[in-house]
Structure formats: structure tokens, C-alpha cells
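Quick notes on the structure that follows.
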Amino acid sequence: MPAPGENLRINSTRLWNSLMEMALIGPGLAGGCNRQTLTDADSEGRHLFAGWCKAAGMTMGVDTMGNMFATRAGTDPSALPVYMGSHLDTQPTGGKYDGVLGVLGALEVVRTMNDIGVQTKHPIVVTNWTNEEGARFAPAMLASGVFAGIHSQDYAYSRIDPEGLRFGDELARIGWVGDEVVGARRMHAMLELHIEQGPILEAEGKSIGVVTHGQGLWWLEITLTGKDAHTGSTPMHLRVNAGLGMARITERVHQIAMSHQPNAVGAVGQVFVHPNSRNVIPGKVVFTVDIRSPDQAKLDAMKAEVMRAAHAVAAELGLGCGIEDVGHFDPVTFDAGLVKIVRQSAEKLGHSHMDIVSGAGHDACWINRVAPTVMVMCPCVDGLSHNEAEEISPEWAAAGTDVLLHAVLEVAQVVS
Ligand code: HGY
Ligand code: MN
Ligand code: MN
């Protein structure tokens, strides 16, 4: 006689329909999503998620960072809950699945448990972490970082978006400041389902990524100051061109990442040019360098080399140079016991799988500081993400969510 829940599979049609319904909120211009954190679209998505959680019989808690926690009771209310979840906010030109699969996959796990009345010893909590992307308000994983004690709430509330709006004011404006003290909750474990956002699983023909580690990251915001001047009448030797400095540093970032291969990456993704007029030599540029590696020594070395290169280029061109750390976490090792449970769940379900290091940052990287944590990944088409054309198959979504279901049933201990 199989143990209760042994043959359980999620309802993949229900999951896919929920993903498609959420994707209609904050639609992008090219088929993806633009549901940036603390916008009205984010709030609308939150309300849709909250309504689904209520319909699934869960009780909702919200903390002062807007993190949402929907609880399904366990048989032992004194047992610490098992958390699952990810994020509903998206990049400005984001896809339909980055983060959303982890939140709605976790909801589908609860819906499936409800279908046959599975009871677990530990309560189960489905989570939506605020501002995972860091696109509007840096750094990424801001609210899970406050929850894990990495950032103060005052720091988080003070973060400013490109329009000069304040995180704390925007959270209040959309009405999602909760009454729970952020970080007060204790967890038995946290499991996050996420698309890979890279090409490895698809290329290897694997349906499941068993995430053993996450690479570390630095976001360095560099401000170069030169002199606005006429692009036509200013002789070349009299120019103090901040735009030229940015171009040279951008090239150096690429060279530095290439010099630390394998397992090192670097790029500049966000640039603000002032005054950004066709016939004015830029007197000021502000841009963010994103460098990452799973190897601590490489990550540290790249940061030092980028800092040196930036100051050297600025000196060559007579530019002022300021560098601010606007995001950082060191390489992460996830909980070995949970990794084993995820791997065994994939094997039990007959899904092809491989161990993998996460190239992207995730809320799990911070929660790993305060509770045993692991991630489950599914492939995405051509490894593409942070692009409106991001795509996964319903089969991949179902496989990842089935693995999440069985891993959670194991960790939360099925009672009946
Ligand atoms: O930047 C990241 O890796 C994540 O997508 N926020
Ligand atoms: Mn994500
Ligand atoms: Mn993302």
C-alpha cells in the first residue's frame, strides 16, 4: 500500500491556467510581463494571488516589507512551518515564469494536497517575496534580505527608483505594508521552485535541476563626472567625456570576466547618461556593473580588478569617479539534506535530473542564511530569461512542481 500522497501528481492544467491568468496582469509589449515591484500591476497581482490562497483555505499574513505568507495548517501547530515560494514581481521586459512559477507552483502544491485531503505534521506556507528583481529598487532580493537580517528595513524603505520615488512610500501607496514584524517568522525549511534562466538543463536534456549552490554577485554603481560640452565645437583634446569613460570601463568588465573563465560573468545592464542629448558630450554617467561567480576567490578578484580599472580609466580621462556597492552576496551552498530529498523526489517521479549551480540570484540565497533551504529548477527554452520571449513547456512546469510537491510532503511529514 503506497504511503499517503505517494502517487500524488499536481494538476498541470490548473497550474498552467493560473500562470497564464497571472501573466495578463502587467502585460509587456511583446508577450511577456512588466509587473515591476510596488506598481499598481504588482498590487493587482498580489490581490489575485491572495484571492487564490483564500479559496484554497489558507490564512494570509503580510509583513512590513510586503512579504506575503499564506498558511495551510498542519496537525502540529507547534511545529515550524515548511515554506515554499518565490516572487511575483518582474523585470520591465520580463517573462511570464521567472519567480511566478515558484509562487504559483507552491500554490498548486497546496491545491493538490487539498484535492485529496493530505494532512502534514508541519504547517505549510506559500510565500511571495517583495522586490526580488531589484530592477526598480536596487538591490535584488531586497525584502528577503531584510527578512534574513542582511539589510535594515530603514535601508530598504530609503531605496529610490529612477523616478526618485522611495520604496517605503510606494509600498504604502499600493497598500501592502503588513502588520507582521519582518523576520520574526521561524522556518523548518524553505524550498524554491524556479526556472533555470540559463541553457544547461535544456542542453543536457534534463527536466529537473537539483540546485546545490548559487553563484555570488556584486552590483557596483559607478558614477563618472566630466563636463557637458558641445559635440561639434569642442576640440577633442579639451573634452572631459564621461560617456567615453563608461564605454572603456564596460569593455574592461567584459575582459575581466573573460580572464576568469570558466564560471565567471560580467556586464553592464543599466546606464543613465546625463544630459542624454545627441549634441552634448555627457558630463555625467551612472551605470551598474554586474559581476558574478560561484568561486569566492574569483568573485573577490573580479571586484578588485573592476574597481582598479574604473579608477584608472577615470584618471586617464580626467573624470571624477565614485563607486557604490548596491548589491552583494557571496556564493551560497544549499542544505545537503534538502538537496538529497529533492534529488530522491526527482528519481521517484522518474524525471531526468542533474545537480546544478544557480547562475541567477534568488530569495532562497538569503533565506539560506536563516533556515535550511534548497531550490528546484526546470529548464527554459534556449535558456532565455529577463526577456519577454521567456518560455517553458507545461511539461517542465508540471515536472518541477511535482518534485516540489513530493519534496515538501517528505519535509513536512505526511500524517494522513
Ligand atoms: O539578478 C538576478 O540574478 C535575479 O534575477 N534578481
Ligand atoms: Mn527570479
Ligand atoms: Mn529575475
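The values are calculated or read from the model by the stated rules, or taken from the named source; none is laboratory data. Bear in mind the structure is a predicted one, so any value in this text is a computation, not a measurement. Here the Cβ is made from the backbone with ideal geometry for all residues, glycine too, and neighbour counts use every protein chain on show. Areas reflect the complete protein model, heavy atoms only, side chains present, ligands, DNA and RNA absent. Shrake-Rupley method; radii C 1.70, N 1.55, O 1.52, S 1.80 Å.
Once the Cβ-Cβ distance of V280 and D325 is raised to the sixth power relative to R0 = 22 Å, the FRET efficiency obtained is 0.15.
At an R0 of 60 angstrom, the distance between the Cβ atoms of Q119 and S259 translates into a FRET efficiency of 0.60.
The slack in the chain from V271 to H237, taken as 0.36 nm per residue of separation less the alpha-carbon distance, amounts to 9.7 nm. Calculated translational diffusion coefficient of the chain (20 °C, 1.002 mPa s; Stokes-Einstein with Kirkwood radius over alpha-carbon pairs) equals 96 µm²/s. The length gained by stretching the chain between V381 and L24 to full extension, at 0.36 nm per residue less their Cα-Cα distance, is 126.5 nm. Quick one: go through segment 157-182 and flag any residue whose amide nitrogen is under 11 Å from the point 7 Å out along the Cα-to-Cβ line of H47. It comes to 175, nothing else.
Rolled with a 1.4 Å probe across the full set of protein chains, the surface gives T225 an accessible area near 60 Å².
Here the Karplus curve 6.51 cos²θ - 1.76 cosθ + 1.60, taken at θ = phi - 60°, turns the phi angles of segment 62-79 into couplings of 10, 9, 6, 9, x, 5, 9, 10, 9, 10, 9, 5, x, 7, 10, x, 8, 6 Hz, with x standing for Gly and Pro. Computed FRET efficiency, Cβ-Cβ of A56 and L165, R0 25 Å: what is it to the nearest 0.05? The formula returns an efficiency of 0.15 here. Full extension of the segment from S158 to A172, taken as 0.36 nm per residue of separation minus the current Cα-Cα distance, would add 3.8 nm.
Accessible surface area normalised per residue over the chain is 39 Å², counting heavy atoms of protein chains with a 1.4 Å rolling probe. Average 1/r across all pairs of distinct alpha carbons in segment 258-388, invert it, and you get the Kirkwood radius: 18.3 Å.
Model label sites at N7 and Q413, defined 7 Å from Cα along the beta-carbon direction, differ in position by 2.7 nm. 3J(HN,Hα) along segment 87-93, derived from phi through the Karplus expression 6.51 cos²θ - 1.76 cosθ + 1.60 where θ = phi - 60°, amounts to 9, 9, 6, 10, 5, x, 10 Hz, with x in place of Gly and Pro. Counting only DSSP beta bridges with both residues in the chain, the antiparallel share comes to about 70 percent. Starting from one equal scatterer on each C-alpha and no solvent at all, send me the Debye-based log10 I(q)/I(0) for segment 343-382 at q = 0.18 Å⁻¹, two decimals. Values, matching the q order: -0.65.
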